[in-house]
Amino acid sequence: MKIFNDKEDLKKYISHLKTQNLKIGFVPTMGALHKGHLSLIERARKDNDIVVVSIFINPTQFDNKNDLNKYPKTLSEDIKLLKNIDCDILFNPSVKEIYSENVDAINFDFEGIENEMEGKFREGHFNGVATVVKLLFEIVTPNSAYFGQKDFQQLQIIKKLIIKEKLNIKIIGCPIFREKDGLAMSSRNVRLNKKERKAAPNIFKVLNEARKKILFGEKVKNVNKFVEEEFKNDPILNLEYFLICNEKSLKVAEELKDSENFRAFIAVYAGEVRLIDNISLKN
Ligand code: AMP
């Protein structure tokens, strides 16, 4: 595996690969790699000749300094995992390499989807995400890029970014990879203490129960109430939001129509750690 810190070196290497007509798959990450990340890399491995993974903790997508500072960093273990999974290139730039002196996000207009859910609760988050992904795409110039449905809103934002910026990159959404007990894998899970870790699978359990209720024809407002009640007396998990939204517009739905697809989205605090998850409401 080749490791690059310098974007110009990586650009040169990639343009050399492109002269050989090799297909490039790209998986952007913030590191502290787990099996969820590895599932994206495996998919990229299947579809492409060359797999590029980036590890970059992007400061412009954090609205909370504490969250940024405490973001787990496990670079040497990440490198071992990447070598094992047959990754070809790791791009691990510094903040200066990506942003030069200007650590600022571009202001994007994604027709409102950036202001729903995560956008509401994490100010400027998606401007930060779209800025770094745009910069990384310019450096890596992949044929395809792989994103997890775990961050479903992010996946929709990236699809919009591709259209807005007229980029010729195929965006592939990959399923959520879970622990055996249902907890969605996340780099943040290592920050959970024993009690929090034990309580956390309840997030997916409640999501599943909400899904069943919807499929049995329960009204959205009753399902919302059910979820709120489930967390009300939980001494460890604090519900930030539970929303049922249209998959495309991400607008909150009050009623579900058969002709559209809907998803339930949830954000929960376990102590200081913010966890998100979502589930399709398709039959
Ligand atoms: P992150 O390092 O958290 O920024 O995530 C990098 C990529 O991995 C994003 O596209 C995430 O959606 C994806 N990802 C994170 N956790 C999971 C998971 N449990 N299952 C599938 N994809 C994931």
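With a/c under 1.5 counting as rounded, go ahead and sort the stretch 139-220 into rounded, prolate or oblate using the C-alpha gyration tensor (a ≥ b ≥ c being the square roots of the eigenvalues; past the cut-off, prolate if a/b is larger than b/c, else oblate).
Details: a/c = 3.26, a/b = 1.56, b/c = 2.09.
Because a/c hits 1.5 or more and a/b fails to exceed b/c, the stretch 139-220 counts as oblate.
Might you report the magnitude of the Cβ-based charge dipole of the stretch 98-249 about its Cα centre, with Lys and Arg at +1 and Asp and Glu at -1, to the nearest 20 debye?
Details: 26 positive and 22 negative charges, 144 e Å.
In debye, rounded to 20, the stretch 98-249 gives about 700.
In whole Hz, with x marking every Gly and Pro, tabulate ³J(HN,Hα) for the stretch 60-74 from phi via Karplus 6.51 cos²θ - 1.76 cosθ + 1.60, θ = phi - 60°.
With the stated coefficients, the stretch 60-74 comes to 6, 9, 9, 8, 10, 4, 4, 4, 5, 5, 8, 4, x, 10, 9 Hz.
Relative to the compact-globule scaling 2.2 N^0.38 Å, provide the ratio for the alpha-carbon radius of gyration of the stretch 53-211.
Values: Rg = 16.7 Å, N = 159, 2.2 N^0.38 = 15.1 Å.
Here the answer is 1.11, to two decimals.
Could you tell me which residue out of 56, 76, 66 lies farthest along the dipole of the stretch 37-83 toward its positive end? Charges go on the beta carbon: Lys and Arg +1, Asp and Glu -1, centred on the Cα centre.
Of the listed residues, the answer is 76.
Using only Cα atoms, find the angle between the long axis of helix 152-164 and the longest principal axis of the chain, and express it within 0 to 90 degrees, rounded to the nearest 10.
Between helix and principal axis, roughly 50 degrees.
Would you work out the charge dipole size for the chain about its Cα centre, treating the Cβ of every Lys and Arg as +1 and the Cβ of every Asp and Glu as -1, and quote it to the nearest 20 debye?
Taking the Cα centre of the chain as origin, the dipole is about 720 debye.
To the nearest 10 degrees, how steeply does helix 35-47 sit against the main Cα axis of the chain, on a 0 to 90 scale?
Helix 35-47 sits at roughly 50 degrees to that axis.
Kindly flag which residue pairs out of 194/232; 96/195; 70/134; 219/251; 70/212 have an alpha-carbon separation exceeding 28 Å in this structure. Mind showing how you got there, number by number?
Details: 194/232 21 Å; 96/195 38 Å; 70/134 25 Å; 219/251 17 Å; 70/212 36 Å.
Pairs exceeding the cut-off: 96/195; 70/212.
Measuring from centroid to centroid over Cα atoms, what is the spacing of the stretch 205-283 and the stretch 1-50 in Å?
Answer, in whole Å: 35.
Jot down the per residue volume, in cubic angstrom and as a whole number, of the convex hull over the alpha-carbon atoms of the stretch 45-141.
Per-residue hull volume (Cα only) is 132 Å³.
What is the set of long-range amide H partners of residue 54 at a cut-off below 5 Å, with H atoms built 1.01 Å from backbone N?
HN-HN under 5 Å from residue 54: 27, 29, 91.
Over the chain, what portion of Cα pair distances is larger than 25 Å, expressed as a whole percent? Before the final figure, lay out the partial values.
Details: 19372 of 39903 pairs.
Every Cα pair in the chain considered, those over 25 Å come to 49 percent.
For the pair residue 229 and residue 252, how long in nm is the line joining their label points, each one 7 Å along Cα→Cβ?
2.0
For the chain, what is the mean residue ellipticity at 222 nm derived from helices alone (per DSSP H run of n ≥ 4: -39500 (n - 2.57); sum divided by total residues; nearest 500 deg cm²/dmol)?
Helix-only estimate at 222 nm: -12000 deg cm²/dmol.
So what's the gap between the Cα centers of the stretch 116-190 and the stretch 83-110, to the nearest angstrom?
Result: 13 Å between the Cα centres.
Provide the per-residue ³J(HN,Hα) series for the stretch 271-277, in order, calculated from phi with Karplus coefficients 6.51, -1.76, 1.60 and θ = phi - 60°, each as a whole number of Hz, with x at glycine and proline positions.
So the Karplus estimates, Gly and Pro as x, are x, 8, 9, 9, 10, 10, 7 Hz.
Highest mean first, how do 58-66, 137-145 rank when packing is the count of other Cβ atoms within 10 Å averaged over residues?
So the peptides 58-66, 137-145, ranked by packing, come out 137-145, 58-66.
Please report, to one decimal in angstroms, the Kirkwood hydrodynamic radius of the stretch 145-192 built from all distinct Cα-Cα pairs.
Numbers: mean 1/r = 0.0824 Å⁻¹.
Evaluated on the stretch 145-192, it is 12.1 Å.
log₁₀ I(q)/I(0) of the stretch 203-251 at q = 0.13, 0.20, 0.27 Å⁻¹, via Debye over equal Cα point scatterers, no solvent, to two decimals?
-0.31, -0.70, -1.11
Whole number in Å², please: accessible area per residue of the chain, 1.4 Å probe, ligands, DNA and RNA not counted.
Solvent-accessible surface per residue comes out at 51 Å².
What list of ³J(HN,Hα) couplings, whole Hz, do you get for the stretch 128-133 from phi and the Karplus terms 6.51, -1.76, 1.60, once you set θ to phi - 60° and write x for glycine and proline?
Per residue, the Karplus-derived 3J(HN,Hα) values read x, 4, 5, 4, 5, 5 Hz.
Summarise the accessible area of the stretch 1-159 (1.4 Å probe, protein heavy atoms) by the percent that is carbon and sulfur.
45
What residues qualify as long-range amide H neighbours of residue 241, i.e. H under 5 Å apart, gap of 5 or more or another chain, H built at 1.01 Å from N?
Answer set, sorted by chain and number: 267.
The values are calculated or read from the model by the stated rules, or taken from the named source; none is laboratory data. Source: prediction; values computed, not measured. Here the Cβ is made from the backbone with ideal geometry for all residues, glycine too, and neighbour counts use every protein chain on show. Note: accessible area is taken over every heavy atom of the protein model, side chains too, but ligands, DNA and RNA are not part of it. Shrake-Rupley method; radii C 1.70, N 1.55, O 1.52, S 1.80 Å.
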